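These notes are about the structure you will find just below.
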Amino acid sequence: MGKFLLVLSVLLLVVLVVPFADAASGQLIDVYTQRGGIGQGEASRPFKVGELVVLFADVKNNGVPLADKLVEFHVYGPPNPYENYTTIIAQPTNSSGIASVCFRIGPIGMEHWKEKLVGTWQIIAETLVDHEILRDSVTFECDWDLTVDLFTQRGGEGFGTSSNAFKAGEVVSLYMRVMNRTVSMPNMSVEFRVQLTSYNAFTNESGIATVSFRLPWKVETTYKVYCDALMRSGEYAMYDYIEFDCLAGERIPGDMNYDMKVDIADIAACALSFGSYPGRSKWNPECDLNGDNDVDIKDLAMAASNFGKRLP
């Protein structure tokens, strides 16, 4: 009980010694963002996940800017059941009486990022002037605005846009770009579907997921290949699709450079990529002749078995 009274006494003393200033005193602080919120307690316009938020605090005494006043910006993310984002950033005012700091709403792709980042954010700015605490707050809403785009190494950017054609036996690389406005979205799950076959991948730091597959070595008649990709995040899903022609023709397994024959240049190309797999610097999907995402002795043996063969 004695300790409680002591703490209560100290708190009362702090309140008496460092009171909060009001507008009538002529001492004001106004916190806002680059999107607005000027005025005591005014809200800012919204932001998107991944965007940079610039905070300003304007400190004045009877309309006169106050320089060299240390301002604390208390940043509070949306309340959620996982982890509430809180941080304090301090910066002194300049000769115009303005302190400015910035932070980015993220990182994107972390666990439960939507619950932690989407919602109402609050910033409280405080400074001490003539033994009085000046305080103002600003809030803004944060949302996300995803776009997806499926394309190949031969083009097809834009929703539903066709890619240029491929030849028999060629490797097709599919790319799915996931963006939140201009911000890349890593660690997003993407399902690629090629005809009746499905492939799964996650976006990288550039917001791109990719898979590769090989067209048949021999194609009697030109036909269209239909592909689509579905990005999922919880209950949210977006997709894009693409088509391209697979041209009639034939290719010898092991003909890496499309010169209609398998010679020492093709064996050397396969050997150069030996031991690689997707993500490695030496990886060349053309050398993965059996499509198991690994250039190994099986692929080298397949190329060697066709050494010297050529098409008319």
Once the piece of chain linking R135 and Q122 is laid out straight, how much longer is it, given 0.36 nm per residue of separation minus the C-alpha distance between them? 3.4 nm
Answer label for Cα extents along the principal axes in Å (calculated), chosen among (i) 65, 55, 35; (ii) 77, 47, 34; (iii) 96, 41, 39: (iii)
Row for region 145-251, column shape: gyration tensor on C-alpha, a ≥ b ≥ c, rounded if a/c < 1.5 i.e. under 1.5, prolate if a/b over b/c, else oblate; value prolate
Here the residues of region 46-76 lying in the modelled label zone of T86, meaning backbone nitrogen under 13 Å from a point 7 Å along Cα-to-Cβ, are 74-76
What list of ³J(HN,Hα) values in whole Hz, one per residue of region 242-257 in order, does the Karplus curve 6.51 cos²θ - 1.76 cosθ + 1.60 (θ = phi - 60°) give from phi, with Gly and Pro shown as x? 8, 10, 7, 8, 9, 7, 5, x, 9, 9, 7, x, x, 7, 6, 9
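Subtract the Cα-Cα distance of V171 and S95 from 0.36 nm times their separation in residues, and report this length gain in nm to one decimal.
Going from the current span to full extension adds 21.2 nm.
With a Förster radius of 30 Å, plug the Cβ-Cβ distance of H112 and Q40 into 1/(1 + (r/R0)^6) and report the FRET value to the nearest 0.05. The partial results should precede the final answer.
Details: r = 34 Å, r/R0 = 1.13.
Working from the Cβ atoms, E equals 0.35.
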Straight-line reach from K298: which aspartates and glutamates have Cα under 16 Å away, leaving out those fewer than 8 places along the same chain? D255, D266, E286, D288
In the structure displayed, which of K224/K282; K167/K224; K261/K282; K48/K116; K167/K282 lie more than 20 Å apart, Cα to Cα? K224/K282; K261/K282; K167/K282
The long-range amide H neighbours of S184, using H built 1.01 Å from N in the peptide plane and a cut-off of under 5 Å, are none
For region 212-312, one quarter of the surface area of the C-alpha convex hull, expressed in nm², comes to 8.2 nm²
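Suppose R0 equals 25 Å. What FRET efficiency, 1/(1 + (r/R0)^6) with r the Cβ-Cβ distance, do D294 and K218 give to the nearest 0.05?
So, using R0 = 25 Å, E works out to roughly 0.55.
FYI, it's all coordinate maths here, none of it is from the lab. None of the values given here were measured: they were computed from a predicted structure. Every residue, glycine as well, gets a Cβ built from its backbone with ideal geometry; the counts of neighbours run over all protein chains shown.
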